[in-house]
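S.K.: Submitted below is the structure of interest, expressed as structure tokens.
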Amino acid sequence: MKKLPLSILALFLGLLFFPIASVRADDDETARNPPVVLAHYMPWYASKPVGGAWGWHWTMDHFDPDIFRWDGRREVASRDYPLIGLYDSSDPDVLECHALLMKFSGIDGVVIDWYGTEDFNDYAAVHRNTEALIAVLKKAGLKFAICYEDQSVKHMVAGGKLAEDAAIDHAKKVLGWVEENWFADEAYVRHEGRPILPVFGPQHFLSADQWESLTADLSTNPLVLGLPHLADKAGIDGVFGWPPVTGGKTIGVEAWNEDLEKLYGRASGETTVMGVAYPGFEDIYAQAGLHESYGRIDPREGRTLAETLDRALASGAPLVQVATFNDFGEGTVVEPTWKWGYRHLEEIQRRIGEEHEPSDLRLPILLYQLRKRGADKATLDEAASRLFAGETGEAAKRLDQAKAELETGHPAVFFDGAPRSRSGNYRLHTDIAYRAGEEGATGYMKTRCRLDVYAPADLDGFATVLWFHGGGISHGHRSVPIPLLNRGVAVVAANYRLSPQVKTPAFLEDAAAAVAWVFENIEDYGGDPDRVFVSGHSAGGYLASMVGMDKSYLEAFDLDADRIAGLVPFSGHSVTHFTIRKEQGIPGTQATVDRFAPLFHVRKDAPPTLLITGDREREIFGRYEETAYFWRMMRVVGHPDCTLRELDGFDHGGMPEPAFPLLLDFMSRKAAP
């Protein structure tokens, strides 16, 4: 082979590696000067238990939080639900919890949505909440900035609180107050020496002349940032990104990536860009009867947040805003929720929170719950001090101490104010790890594989139902169902690992481990291990069926599945679960029956089984029909005790309420001595 001249070879190698070297140089620069990551925070929530009435942002004049679902969640103006329950933004326990969650996720600070100081609508309350939040943020070592909602001026003018010709003077007074009280604070966010001032819009002051007048008297020369489609006309200093929903449309990955490309392309010496990361967008406005939805961005099981955050961190933007920490009305929440758990904060922590572990994120939630359940205040205050100091190991010891003292000899107390709140003849033992001691247990296994035990305090030999939550094996959170309280039985509510963080059969193995834990431990709580039932709704029903029908999962724990006293799946898949089919590249509309289908394992010696579904015309995915086929095949193989019940008039989400009495009756009959 003819050799290339050395000069040509050198040129070739230079061209080949120059782009790589450039990328590496950019990456090195980002590593040396990482952006300040801030979470957009809404301090506008009001709750009846704290403030005496439910605020608009929980109700939107349509939903009634005094109404409880069977799983303990209140009716609320949101498609999701806070893991700590509905809260009040003035509650110091909430502010403590939120600040610590952000600290442990690696977030540097907060951009607080703020409407001024006037006593109009809820603006004064939001202002008080903001001042309280800032104090806690500073205690946590976090920064803060204000996002001024100039639409507040528009609403005050429309409401007769302010004359239009006084609007400029009013806003100048407001910004002067911000400068005097906050811009000089050492914890306030600055860029190149200038305090940042995001403005959500602008929505009232739209011209460059107006903004020149508004900022003329501010000696600190704040860096004013607005939304990209409004900032240019206002002549302000820069822009910040936001989920680009419009017209009620679903915005796909390609479209929001194009929007981000335009956003980061605006950066220049004269224009500052604050990057953005968001988990998705799905508002509740149409359902609340306010107006049409702004649109939707699919969370894609957490990938949307991961990808927008990765792009923001690599963009070179000096500031990045997570939109949002807690806007439940628009579904842009990274705060831990029932649906997503800690997943979003874990994604953030994985990228910027190197000082802490995923397990640390559960500690602020545990602290909050123990405060609301009435655990020893002195012990909890000491735990909180340790958490603010970053001493999570020592804090965990004190939280475990407070929990043990509370749960030993005290009546069952739940933290969320539901009708189940106090139960004198029962005990509640929470957050018990059922796989942490296993060899090779991962951090995710240790945090997710946990359960709660609600058991009679003055009975022995009672029956127990192990309850698995639903959520498509991709989301959801455990709870003790309200209809099972004070019924003379124990309830064990278990979480399990979720897709896509794990693949099949991890969640099935978790379900089996939870069953094995109950058999091994329920006697310590007064229960009879020969009277253990397994149940759950939707995905939880599928897990109950699988661990009872496929004996291999419990055999791994030296347990015979036939020891289960009864299986009661609520509207669970009998074919292979759609999430497993998705892993296999099979669409949800194509049913399959393989080793991951309860139907595959029908046998005449299985435990007694009660199959319950909603109305066949209102259920999802042909759920009644597949369940009916499962029932038929159990009869065909000679199973002596398999019953099918269809609940007329009830859909998939509504069928658990009337199903619980059937479960209790089944337990009473099958668990009789």
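S.K.: Averaged over every viewing direction, what's the projected area of the C-alpha convex hull for segment 340-408? Give it in nm², one decimal, please. Kindly include the intermediate steps, with their values, before the conclusion.
M.R.: Numbers: hull surface 19.0 nm².
For segment 340-408, the mean projected area of the Cα convex hull comes to 4.8 nm².
S.K.: Next question. What full-extension length gain, to one decimal in nm, is calculated for E118 and L290 as 0.36 nm per residue of separation minus the Cα-Cα distance?
M.R.: Numbers: separation 172, 0.36 × 172 = 61.92 nm, distance 2.48 nm.
Computed gain between E118 and L290 is 59.4 nm.
S.K.: Probe radius 1.4 Å, ligands and nucleic acids ignored: give me the carbon and sulfur share of the accessible area of segment 171-315 as a rounded percent. Present the calculation step by step, with values, prior to reporting the outcome.
M.R.: Numbers: 2990 of 6520 Å².
Percent of accessible area from carbon and sulfur atoms in segment 171-315: 46.
S.K.: Then there is this: Hey, what angle do you get for helix 506-521 against the long axis of the chain, alpha-carbon based, 0 to 90 degrees rounded to 10?
M.R.: 60 degrees
S.K.: Please report the relative contact order for segment 467-572, taking Cα pairs under 8 Å with a sequence separation of at least 6, and give it as a percent rounded to a whole number.
M.R.: Numbers: 174 pairs, mean separation 31.4, N = 106.
Once normalised by length, the contact order is 30 percent.
S.K.: Further question on the same structure: How much solvent-accessible surface does H652 expose, in Å² to the nearest 10, with a 1.4 Å probe and all protein chains in place?
M.R.: 20 Å²
S.K.: A further question on this structure: Find the Rg to Rh ratio for segment 562-663, where Rh is the Kirkwood radius over alpha-carbon pairs and Rg uses the same atoms. Intermediate results must be reported in sequence, preceding the final value.
M.R.: Working: Rg = 13.6 Å, Rh = 14.1 Å.
We get a ratio of 0.97 for segment 562-663.
S.K.: Just to verify a number: what accessible area does L162 come out at with the full protein assembly present, 1.4 Å probe, Å² rounded to tens?
M.R.: 30 Å²
S.K.: Lysines near K173 by alpha-carbon distance under 18 Å, same-chain residues fewer than 8 away left out - which ones?
M.R.: K154, K161
S.K.: Please report Rg over Rh for segment 211-360, where both radii come from the alpha carbon positions and Rh follows the Kirkwood definition.
M.R.: 1.00
S.K.: Viscosity 0.692 mPa s, temperature 37 °C: Stokes-Einstein D of segment 362-477 from its Kirkwood Cα radius, in µm² per second? Please report the intermediate quantities before stating the final value.
M.R.: On the way: Rh = 15.7 Å.
Approximately 209 µm²/s, per Stokes-Einstein.
S.K.: May I pose another question? How big is segment 54-211 on each of its three principal axes, counting only the C-alpha atoms and giving the largest first in Å?
M.R.: 56, 39, 22 Å, listed from the longest principal axis down.
S.K.: Taking a cut-off of 19 Å between Cα atoms, list the aspartates and glutamates near K551, but don't count ones fewer than 8 places away on the same chain.
M.R.: K551 reaches E509, D510, E520, D530, D560, D562, D594, D605, D641.
S.K.: Same structure again: What FRET efficiency would be calculated for the residue pair T271, I168, taking the C-beta separation as r and a Förster radius of 25 Å, to the nearest 0.05?
M.R.: Details: r = 25 Å, r/R0 = 1.00.
With a Förster radius of 25 Å, E is 0.50.
S.K.: Spin-label point model (7 Å from Cα, Cβ direction): what's the S207 to Y629 distance in nm?
M.R.: Reported label-point gap for S207 and Y629 is 6.9 nm.
S.K.: Provide R296, R128, R563 ordered by accessible surface of protein heavy atoms (probe 1.4 Å), highest first. Before the final figure, lay out each step's value.
M.R.: Numbers: R296 75, R128 145, R563 100 Å².
If we order R296, R128, R563 from most to least accessible, we get R128, R563, R296.
S.K.: Excluding residues on the same chain fewer than 8 positions from K138, give the lysines whose Cα lies under 17 Å from its Cα.
M.R.: Cα-Cα hits under 17 Å: K103.
S.K.: If you wrap a convex hull around the alpha carbons of the chain, what volume per residue comes out, as a whole number of Å³? Walk me through the numbers on the way to the answer.
M.R.: Values: hull volume 132.3 nm³, N = 673.
Looking at the chain, the number lands at 197 Å³ per residue.
S.K.: To test your reading of the geometry: what angle, between 0 and 90 degrees and rounded to tens, separates the Cα axis of helix 623-636 from the longest principal axis of the chain?
M.R.: 20 degrees
S.K.: Based on the Cβ-Cβ distance from D665 to E357, what FRET efficiency comes out when R0 is 51 Å, to the nearest 0.05?
M.R.: Numbers: r = 45 Å, r/R0 = 0.88.
About 0.70, to the nearest 0.05.
S.K.: Let me ask something else about it. Quick one: length gained pulling A158 to N33 fully straight, 0.36 nm per residue minus the C-alpha distance? Don't skip to the answer; put the middle values down first.
M.R.: Numbers: separation 125, 0.36 × 125 = 45.00 nm, distance 4.51 nm.
Once the chain is fully extended between A158 and N33, it gains 40.5 nm.
S.K.: For segment 245-307, what D do you get in µm² per second when you plug the Kirkwood radius from alpha-carbon pairs into Stokes-Einstein at 4 °C and 1.567 mPa s? Mind showing how you got there, number by number?
M.R.: Values: Rh = 13.1 Å.
Result for D is 99 µm²/s.
S.K.: When the C-alpha atoms of segment 300-391 are aligned to their principal axes, what extent does each axis show, in angstrom, from largest down?
M.R.: Principal-axis extents of the Cα atoms in segment 300-391, largest first: 46, 29, 19 Å.
S.K.: On to the next question. Rounding to the nearest 20 debye, state how big the charge dipole of the chain is about its Cα centre with +1 on each Lys and Arg Cβ and -1 on each Asp and Glu Cβ. Walk me through the numbers on the way to the answer.
M.R.: Details: 68 positive and 97 negative charges, 327 e Å.
So the magnitude is around 1580 debye.
S.K.: Working from Cα positions, state the angle (0 to 90°, nearest 10) between the long axis of helix 377-388 and the longest principal axis of the chain.
M.R.: Here the helix axis deviates by roughly 50 degrees.
S.K.: Give the distance, in whole Å, between the Cα centre of segment 276-334 and the Cα centre of segment 186-228.
M.R.: The two parts, judged by their Cα centres, are 24 Å apart.
S.K.: Using just the helices of the chain, give the 222 nm mean residue ellipticity in deg cm²/dmol: DSSP H runs with n ≥ 4 each add -39,500 (n - 2.57), and the total is spread over all residues, rounded to 500.
M.R.: Theoretical 222 nm ellipticity from helices: -11500 deg cm²/dmol.
S.K.: Here is a further query. In whole angstrom, note down how far apart the Cα centers of segment 521-569 and segment 114-151 are.
M.R.: 50 Å
S.K.: While we're looking at this one, here's another question. Spin-label point model (7 Å from Cα, Cβ direction): what's the T589 to H62 distance in nm?
M.R.: Here the answer is 2.9 nm between the modelled labels.
S.K.: Okay, next question. For E180 and S219 in the same chain, what is the full-extension length gain: residue separation times 0.36 nm, less their Cα-Cα distance, in nm?
M.R.: Working: separation 39, 0.36 × 39 = 14.04 nm, distance 1.00 nm.
The span from E180 to S219 would gain 13.0 nm if fully extended.
S.K.: Over its Cα atoms, what ratio of radius of gyration to 2.2 N^0.38 Å does segment 117-159 give? Can you show the working numbers first?
M.R.: On the way: Rg = 12.7 Å, N = 43, 2.2 N^0.38 = 9.2 Å.
Ratio of Rg to 2.2 N^0.38 Å for segment 117-159: 1.38.
S.K.: Another question, then. Counting alpha carbon pairs within less than 8 Å and at least 6 residues apart, what relative contact order, in whole percent, applies to the chain?
M.R.: On the way: 1332 pairs, mean separation 63.8, N = 673.
It comes to 9 percent, rounded to a whole number.
The values are calculated or read from the model by the stated rules, or taken from the named source; none is laboratory data. Keep in mind the model is a prediction, meaning the values are calculated, not measured. Positions of Cβ are backbone-derived with ideal geometry, glycine not excepted, and every protein chain shown enters the neighbour counts. For the accessible areas, the whole protein counts, side chains as well, though only heavy atoms, and no ligand, DNA or RNA atoms are used. Shrake-Rupley method; radii C 1.70, N 1.55, O 1.52, S 1.80 Å.
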